[in-house]
Each structure stands twice: as C-alpha cells, then as structure tokens.
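Each remark here refers to the structure printed beneath this line.
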Ligand code: NAI
C-alpha cells in the first residue's frame, strides 16, 4: 500500500512530468484518423487535440468536440496556416496521413504516394513542433520512419528518442490470433513482436509466451497469419481500404503509452520501430523491439532476449529486408529533399 502511495506522489510531484498535453493528428479525417481522434479525445492526459487533414478536419473536430472530456478540439485544413497552428507546441504528433492498400498491394506499393506526404509533414514537425514525440502510422512504416529521420536531420531537429514507427497493430493481432489458437483470453496473452512492420519483417516471439510448444503446422500458420493479417482486412474491405478501426485502437494505445512515459509513469513498455543500437553494426539503423518510454521519449531499448532457432532465422530475414526498406527511405529524401 505504502509503495503505491509513494508512486502516486512521485508522479504528482515529478519536476519534468505534466498531465496536460497537446496531441496533433495529421490525416485526422481518414479511416484511421477519425476513430483515432475519438480515442485520443477520451484520453484524460490530452487537453488540446488538434486535428489536421487536407479535407474535413473541422467537421471531424466539431463532432469529436462534443464528447464530454476535459479537452479542446480544433480542426485545421491547409488554408490559413492550418498546419502551423495544428502542430505548434504539440507534445505528440501522430501521422496516419496517406493512402491505404487495395487488394493485391503490398505496403511497399504505397511508397510513391506516401513518401512525399510524410516528408512534407516531417518538415512541418521540424518547423512547428521540434520537441514533439512523433508516432508514424503511414505505410510503409519501415521506410516512412527513416524518411522522417532524414528530414529532421536535415533541419537539425532530429531526436532519435522521439521518433516512433507504430507497430502496435502487429502486437494486438498476435495476442488475438494466438488466443484463438490456444483458446484463451487475448487480454492475458501478451506477445512481443520485433523487426519491422510488413510481411516477413514482422517477427512474433512466440517462444517467449506460455505456448512455445505449438505443433509445427499450427505454429507456421499462426506466424503467417500474424505477418499477413493485414491482408485479411484489405481483402474483406475489397478496395475500400485497410485496417482502420483496429489500427485506431493500436495507435491510441501506443500514443497513450507515449503520453504515460512523458508523464513520468514507471514501466511503460511497448514494442516500436525506432533508431536502435541493436543491429546497427550490421547496417540496420532502425529496428522494432520492446522500448521503455519515459519523460524524454525512448528511455531504454531492450534486447530481444532468448529466441528459438525459427525466430533467429526470421530475425535474420527481417534484417536483410529492413536494410533495403530503410535505404529506400533515406535515398528518397536525398533525391527529393
Ligand atoms: P485514408 O485514405 O482513409 O485516410 C488518409 C487521410 O490522410 C485522408 O483523410 C487524407 O485526406 C489524409 N491526407 C492525405 N495527404 C495528407 C497530407 N499531406 N496531410 C494531411 N492529411 C493528408 O487511409 P487510412 O486507412 O486512414 O490509412 C492511412 C495510412 O495508415 C495508410 O498509409 C495505411 O497504409 C496506414 N496504415 C498503417 C498501419 C500500421 O500498422 N502502421 C495499419 C493500417 C494502415
């Protein structure tokens, strides 16, 4: 009892922590953006919610603003310096702007369209919210995160502790799909997912769960479903987009964890795609692994822990692909600054 009281007091009197945050969402009127805006409106740490989109953000903002939580909500379009107003002084900027997949497309097929959208939003972050924690949802995450990093480096505002690729949907899917196989409650089936956020770069560490002895056919099918689960949604939506509702839930969970970290809460850990020392020596600049989030963003990047031989192989394959995906983002910014 005493320890929990002292934890609460430590939180309340921490010198760096606050409990009032401005969160900006770019792409707020989209399939992900709308439910994500709602979920962030429900977060009590958010006192100022700024919704930016090329179209219809004021409408989404007016709608969400009627939800009775203690925050203001404003919507902005590109006119009247809307982006500057939306981003200025934001503590967290969440970016789900861009186009989603259609059946038959990989996330990499989105590169040509989304790369320039993310590049331009990164320039705006550098200018108007240089201290913000940036959560990148726009695909392909394995390349869009390096794009943001390159832009911020070129502007002199890159802080590797505050740039995150959101891979949380892979984590949620892993819990859900594993629980379906073993017949348990997904709330109690945490799964660590490492690597990146596309197909074979998504590596669920099932050997670190209580179900490391799944029969090979079930294990292989489960890993495949986790890696390509997004395709189920793309196919079911049949041309109308990709995961939006589950992604909004995943994005809100991740952004809420970032806020919990900023507020000085203890033991906030999420897997996320960050500038990581884990495999830099092998040329992999960004990698997703469990990260403890703190008042300055990344507090500690955790190693992968013990892996099965199948997982070792998957990580090796993921690294090869990630090197290419990351280089593609870096080269894009060099060629199109
Ligand atoms: P959507 O097309 O429904 O919404 C995208 C929104 O972005 C639109 O409202 C559009 O007007 C806006 N937009 C486009 N350019 C913009 C700009 N320059 N500034 C501000 N807003 C801009 O797409 P949806 O389904 O919301 O997906 C968004 C992105 O999220 C896609 O790239 C998709 O691949 C990605 N995604 C990522 C996931 C992840 O796990 N990280 C999971 C699912 C989707």
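Some observations on this one:
- Answer from 83, 36 - the residue that is part of a helix (DSSP H, G or I), touching a strand residue (DSSP E or B) at 6+ places or on another chain (Cβ under 7 Å) and within 8 Å of the ligand (Cβ to nearest atom): 83
- Apart from one condition, residue 110 fits all of (1) within 11 Å of the ligand (Cβ to nearest atom); (2) assigned to a helix (DSSP H, G or I); (3) in contact with a strand residue (DSSP E or B) (Cβ under 7 Å, 6 or more places away or on another chain); the exception is (3).
Here is a yes/no grid of residues against (1) assigned to a loop (DSSP other than H, G, I, E, B); (2) more than 10 Å from the ligand (Cβ to nearest atom):
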position: 75; (1), (2): no, yes
position: 89; (1), (2): yes, yes
position: 93; (1), (2): no, yes
position: 102; (1), (2): yes, yes
position: 114; (1), (2): no, no
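- Matching residues, the stretch 42-59, being under 17 Å from residue 90 (Cβ atoms) and within 14 Å of the ligand (Cβ to nearest atom): 50, 51, 52, 53, 57
Let's see how each residue does on (1) in contact (Cβ under 8 Å) with a residue 12 or more places away in the chain; (2) assigned by TED's automatic domain parsing to the domain that holds residue 204; (3) farther than 26 Å from residue 21 by Cα:
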residue: 135; (1), (2), (3): yes, no, no
residue: 174; (1), (2), (3): yes, yes, yes
residue: 179; (1), (2), (3): no, yes, yes
residue: 182; (1), (2), (3): yes, yes, yes
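- Candidates 328, 334, filtered to the one that is under 25 Å from residue 111 (Cβ atoms), within 16 Å of the ligand (Cβ to nearest atom) and touching a helix residue (DSSP H, G or I) at 6+ places or on another chain (Cβ under 9 Å): 328
- Condition met for residue 21 (touching a strand residue (DSSP E or B) at 6+ places or on another chain (Cβ under 6 Å) and either within 11 Å of the ligand (Cβ to nearest atom) or on the phi > 0 side of the Ramachandran plot (or both)): no
The values are calculated or read from the model by the stated rules, or taken from the named source; none is laboratory data. On a predicted model such as this, the values are computed, not experimentally measured, just so you know. Don't worry about glycine lacking a Cβ; one is built from the backbone with ideal geometry, like all the others, and counts go over all protein chains shown.
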